[in-house]
Every structure is written in C-alpha cells, then in structure tokens.
Amino acid sequence: MRLLLVACALLFGALLVLAHSPSLRVNAQEKPAAAKPSSPAAKGSQPSSAIDLQKEARIRELMDVTGAKDLGQQLIEAGMEQFRSTVQDSQPNNPRAKQFVDAFVARFQKHFDPDSLTERVIPIYDKYLTTDDLKGLLDYYHSPLGQRMLKALPEVTRESQATGFALGQKAAQETMEELKADFPEFTGTTEEDKRPGGQPNQN
C-alpha cells in the first residue's frame, strides 16, 4: 500500500506539471534570476514572490486564458480515479479497499488547495518568462490559432493521459511479475504463487 501512495504522489506531481505546461512555450532564461523576497499573497494563500504588479496581472491573465487552473483540477480528478482503480484492483477481495479510497479522496481534497497552487506557480512564471514573453503568449492565445489550440488541448491532454496511464500500468504489471521471485515481500507474492502454475499444494 505504501508503494501505491508513493506512485500516487508521483502521478499527481507529473499531472500538475502537465497542467501548467501549455503556456510555457517560449525560451526560458538561461540563468534564472535569484529568488525574490516574498510578500503576503491574496486570500490567505501561500506567499508569492514580490513581482511587478503589472507583470503579475499578465501572468494571472495567461493562467486564466489557458485554463491552467481548471485543467489542473481536471487532471487531479482523473488521477484520483486512476488511484481508486489501482487500489481496488490490487485488493479485489478486500471490502475495505473502497472505504480506504473514499476516505483518501475526501481527505486529499481537504488538504489540497488549488488557490494555494496558483500562488506558488506565479513566481515560477515570473522566474522564467519576461514581460515580452507574456505579452507574446497572450497575443497568441487570444488569436484564432491560439483559441483553436486551447479548444483542442483538454481532449489532447485527456487522451494522452489515458494512453500514458495504460502504458504505465502495463509496464508496472510486467515489472512486478519479473520481480516477484526476488522481492516477494514487496510484490505480495505468496507461497502458493511460487509453486508451478500458482496452484496450492494438495498434500
């Protein structure tokens, strides 16, 4: 179960990166600027860097235009469903598996604050994108081509995500099979599994 939780955490981290990637399409600065002093963020969220207010407004507009916050929430929800499926598939005969997943999802949503994520991401945009970068990106996403990209992006992301999940699950299953003999304590292998054909000893 600990392995499932670690995998879940890695999955969410990857999804959050993917969720914010559409707007990061320009060349990053070769040498990122040094961290700037923090200032209290709005609405009691975690503090974001003290950046130029006009630039911060453009960053927020870019995140709104690209739907970064909404896409992130959609991907998190998809990740939770994948987690639910993984846990229940790994514990098919355990009636508490569903109870565990339901409790995990409910408490995860309690601890995960999308607004806090936004405030933490803004300084990253500020670090790698110049004011001109932001202007160019906003011009692009307000253009007909940019609008078409934004319209297609959720479906592209969703289908790409499903493809990645399927490949990852297949690779994980094959890897676990290969490691059963050497690491039974981690792969859940029983003595019956070790017998030819996985049949219990009748003696």
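Per-structure values
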item: Selection count, segment 73-110, where residues are open to solvent by 70 Å² or more (accessible area, probe 1.4 Å) and either charged (D, E, K, R) or within 13 Å of the chain's Cα centre (by Cα) (or both); result: 8
item: First in segment 67-79 and at pLDDT 75 or above, second anywhere and not in a helix (DSSP H, G or I), Cβ under 9 Å, 6 or more apart; result: 76/112
item: So residue 135, is it exposed (fewer than 15 other Cβ atoms within 10 Å of the Cβ), of a type in the set (Lys, Arg), under 30 Å from residue 52 (Cβ atoms) and touching a residue at least 60 places away in the same chain (Cβ under 8 Å); result: yes
item: Leading residue by the ranking (nearest to residue 67 (Cα to Cα)) among those in segment 118-134 that are among the polar types (S, T, N, Q) and in a helix (DSSP H, G or I); result: 118
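The values are calculated or read from the model by the stated rules, or taken from the named source; none is laboratory data. None of the values given here were measured: they were computed from a predicted structure. A quick note on method: Cβ atoms are made from the backbone with ideal geometry, for glycine too, and the neighbour counts reach across all protein chains shown. Surface accessibility is based on the protein's heavy atoms, side chains included, excluding ligands, DNA and RNA. Shrake-Rupley method; radii C 1.70, N 1.55, O 1.52, S 1.80 Å.
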